[in-house]
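All remarks here apply to the structure that follows.
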Amino acid sequence: MTYRVKPVVEFMADDEIEDRANKLLRKYEAQHGPIHDPPVPVEFIAEDTLGFEVKLTELDDANTVAYIAPDQRQICVNELQSEYLNNVGQEFTIAHEIGHWVLDHFAEDRTKTLAGLDNQPTRFLHRGKPDGQYKRHEIQAEHFASCLLMPKKLILPLVTEFDVFQWRNLYDLQAQFHVSITAMTKRLQKLKLIYIRGKCIYANELEAHGTKRLF
């Protein structure tokens with residue numbers, strides 16, 4: 001069977017993307033037991049639950065961060081992108097590639113149900129910036145990765161413990177989850193747990209503009 005990247009994907013709400021990430025986590029937990037603490041074992045999820053081989057290797061195209069190839073059941077992460085991986089995290093990159101698969105960004109070539117499908121690639125190349133033809137694919141996969149690696153059930157209990165209004169605590173928290181500080185702050189803001197303005201951390205946008213916290 002040959003899979004090709006869909007030239008266009010439909011809009012998918014953030015809640016639906018998060019629901020798919022949670023379903024994958026539950027599937028993994030049904031096989032291996034509950035995940036009580038971070039980090040989420042994303043490589044095992046890719047390999048044991050989804051049947052993909054995860055490889056760290058030098059890719060011919062130095063600009064490619066990673067790719068997912070459903071036909072070969074492979075997720076390949078580019079060693080030549082060490083600077084990017086150090087900033088973003090190998091785990092986040094793997095979770096992003098998983099997102100393309102779980103969010104149905106591929107279609108079976110034999111169906112020919114999508115216009116131009118036969119001209120589409122069989123691998124999804126990730127180059128680090130969500131732009132161009134596949135911008136929506138990339139944005140969806142990015143949110144999926146965030147939800148998979150930082151699920152509510154793990155992150156919410158730690159918010160008070162780590163006092164997320166202090167930067168040093170946010171760095172401690174991101175280290176536990178094996179994600180970048182950017183990914184951590186984006187996730188917390190998406191969950192409306194913090195609001196960042198400049199270098200200051202607030203409870204919400206109102207507080208950032210002068211309204212005091214009640215508690």
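The values are calculated or read from the model by the stated rules, or taken from the named source; none is laboratory data. Because the structure is predicted, anything quoted here is derived from the model rather than measured. Here Cβ is always computed from backbone atoms with ideal geometry, including for glycine, and neighbour counts include all displayed protein chains. Calculation scope for accessible area: heavy atoms of the full protein, side chains included, ligands and nucleic acids excluded. Shrake-Rupley method; radii C 1.70, N 1.55, O 1.52, S 1.80 Å.
What is the set of long-range amide H partners of LEU56 at a cut-off below 5 Å, with H atoms built 1.01 Å from backbone N?
Amide H neighbours of LEU56: VAL77.
Could you tell me the accessible area of LEU117 in Å² (1.4 Å probe, neighbours in place), rounded to the nearest ten?
Ignoring ligands and nucleic acids, LEU117 comes out at about 0 Å².
Mind listing the phi-derived Karplus ³J(HN,Hα) values for the range 165-173, rounded to whole Hz, using 6.51, -1.76 and 1.60 with θ = phi - 60°, and x for any glycine or proline?
Those phi angles translate into 8, 10, 4, 4, 6, 5, 5, 5, 5 Hz.
Would you mind checking the range 174-199 for residues with the amide N under 11 Å from a putative spin-label position 7 Å along Cα→C-beta of GLU16?
none
When the Karplus curve 6.51 cos²θ - 1.76 cosθ + 1.60 is applied with θ = phi - 60°, which whole-Hz ³J(HN,Hα) does each residue of the range 155-160 get, with x for Gly and Pro?
Computed from phi, the couplings for the range 155-160 are 7, 4, x, 8, 4, 5 Hz.
With respect to the cross-link table entries LYS6/LYS27; LYS27/LYS190; LYS6/LYS152, which display a Cα-Cα separation exceeding 27 Å? Numbers along the way, then the final one.
Working: LYS6/LYS27 25 Å; LYS27/LYS190 25 Å; LYS6/LYS152 30 Å.
Long pairs (Cα-Cα over 27 Å): LYS6/LYS152.
Of all DSSP beta bridges located in the chain, what percent are antiparallel, nearest 5?
On the way: 13 of 18 bridges.
The answer is about 70 percent antiparallel.
What share of all Cα pairs of the range 10-55, in percent, falls into each consecutive 5 Å distance bin?
With 5 Å bins starting at 0, P(r) equals 5, 20, 26, 21, 17, 10, 2.
Using the Karplus curve 6.51 cos²θ - 1.76 cosθ + 1.60 with θ = phi - 60°, what ³J(HN,Hα) values do you get for each residue of the range 203-208, in whole Hz, with x for Gly and Pro?
6, 6, 5, 4, 5, 4
Using the Cα atoms of the chain to build a convex hull, what is its mean projected area in square nanometres?
On the way: hull surface 53.2 nm².
In nm², the orientation-averaged hull projection of the chain is 13.3.
TYR3's amide H: which non-local residues (gap 5+, or another chain) put their own amide H closer than 5 Å, with H modeled 1.01 Å from N in plane and none for Pro or chain starts?
Under 5 Å from the amide H of TYR3: ASP71, ASP109.
What accessible surface, in Å², does a 1.4 Å probe find on ILE181, ignoring ligands, DNA and RNA and rounding to the nearest 10?
30 Å²
Per the helix-only calculation at 222 nm, which mean residue ellipticity applies to the chain, given -39500 (n - 2.57) for every DSSP H run of n ≥ 4 and division by its residues, nearest 500 deg cm²/dmol? Kindly include the intermediate steps, with their values, before the conclusion.
Details: 8 runs with 90 residues, N = 215.
One gets -13000 deg cm²/dmol as the mean residue ellipticity at 222 nm.
Which far-off residues, 5 or more places away or on another chain, put their amide H under 5 Å from the one on GLN74, with H placed in the peptide plane?
Long-range HN contacts for GLN74: GLU53, ALA69.
What does the accessible area of CYS200 come to, in Å² to the nearest 10, when a probe of 1.4 Å is used?
70 Å²
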